[in-house]
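Have a look at the structure below, then the notes.
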Amino acid sequence: GAVVSQHPSWVICKSGTSVKIECRSLDFQATTMFWYRQFPKQSLMLMATSNEGSKATYEQGVEKDKFLINHASLTLSTLTVTSAHPEDSSFYICSARAGTGDTDTQYFGPGTRLTVL
Amino acid sequence: QQPVQSPQAVILREGEDAVINCSSSKALYSVHWYRQKHGEAPVFLMILLKGGEQKGHEKISASFNEKKQQSSLYLTASQLSYSGTYFCGTEIGSWGKLQFGAGTQVVVTP
């Protein structure tokens with residue numbers, strides 16, 4: 001159980017274009033989904049917290065107009081990188097939390113490697 | 001608020017033990033441990049909630065000190081499959097948001 005998928009696995013795009021990444025919880029309903037960015041050999045940096053039906057909460061320093069998050073249902077959240085630039089190239093990982101209990105942890109998707117040329 | 005992990009890296013021979021530490025300047029609500037292999041997503045290992053708690057799965061175990069400011073992950077009789085980068089994720093409150101340490105790269109050699 002607790003499987004999270006991401007699509008696409010990787011994407012290469014030209015500078016200035018927008019890229020959408022999907023995150024789905026396959027066998028559970030996720031009360032909350034999280035989006036992270038990870039640069040090579042670095043830790044996971046939380047970008048935003050997404051709850052179904054409400055606006056995402058962004059971490060300090062993350063531009064909400066550049067990284068658009070939509071949490072359409074309890075099993076789907078999307079991250080759109082608008083007007084992507086080479087510095088946005090990174091590994092984007094989503095995670096989903098099944099409940100609100102103390103023992104509910106986050107299950108991570110396989111990640112999406114974005115390369116902006 | 002990012003927790004401090006140590007060591008940065010450790011090289012082990014198969015069968016050896018290692019300890020990875022994760023420290024915070026504030027009392028934590030919980031600690032979550034993950035292992036990530038190159039190019040893959042982090043995989044959940046365990047969660048600790050209570051001060052003084054210890055738990056484990058097979059030969060990987062973890063503890064959470066009484067003050068809830070430090071957690072340690074113990075790799076016992078390491079196997080080749082234990083290689084990867086280990087991250088601790090810490091919660092200050094109960095809203096599920098994790099802050100991750102910088103990671104500890106573990107390499108287990110034959």
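The values are calculated or read from the model by the stated rules, or taken from the named source; none is laboratory data. On a predicted model such as this, the values are computed, not experimentally measured, just so you know. When we count neighbours, we look across all protein chains shown, and the Cβ atoms used for this are built from the backbone with ideal geometry, even at glycine. Accessible surface is based on the protein model in full, side chains and every heavy atom, while ligands, DNA and RNA are left aside. Shrake-Rupley method; radii C 1.70, N 1.55, O 1.52, S 1.80 Å.
Points to keep in mind about this one:
- Taking B:H32, B:H38 and ordering them by how much accessible surface each has at a 1.4 Å probe, largest first, produces B:H38, B:H32.
- Ranked by the mean number of other Cβ atoms within 10 Å of their residues, highest first, the peptides B:82-92, B:48-58 come out as B:82-92, B:48-58.
- Peptide B:34-41 has a mean of 4 when you count, residue by residue, the C-beta atoms of other protein chains within 10 Å of its C-beta.
- Placing unit charges on each Cβ (+1 for Lys and Arg, -1 for Asp and Glu) gives the range A:17-109 a dipole about its Cα centre, and among A:Q29, A:Y58, A:Q106 the Cα reaching farthest toward its positive end belongs to A:Y58.
- Remark: mean inter-chain Cβ contacts per residue of A:33-46 equal 4, using a 10 Å Cβ-Cβ cutoff to other protein chain atoms.
- Chain B - percent of accessible surface contributed by carbon and sulfur, probe 1.4 Å: 50
- Residue-span extension gain [A:L26 to A:L117] - 0.36 nm each, minus C-alpha spacing: 29.6 nm
- Of the chymotrypsin sites (Phe, Trp or Tyr not before Pro) found in the range B:1-44, those in coil by DSSP whose Cβ has at most 16 other Cβ atoms within 10 Å are B:Y29.
- Annotation: cysteines of chain A without a disulfide-compatible partner (Cβ-Cβ under 4.7 angstrom) are A:C13.
- Tally of Lys pairs whose C-alpha atoms are under 16 Å apart, taken over the range A:13-117, 8 or more apart or cross-chain: 5
- With a cut-off of 13 Å between beta carbons, the residues surrounding B:S61 carry a summed charge of -1, where Lys and Arg count +1 and Asp and Glu -1.
- Dipole check for chain A: with +1 at the C-beta of Lys and Arg, -1 at the C-beta of Asp and Glu, and the Cα centre as origin, the magnitude is about 300 Debye.
- Chains B and A, summed buried accessible surface - 1.4 Å probe, Å², nearest 100: 1600
- Only the Cβ atoms of Lys and Arg (+1) and of Asp and Glu (-1) were treated as charged; on that basis the dipole of the protein assembly as shown about its Cα centre amounts to roughly 240 debye.
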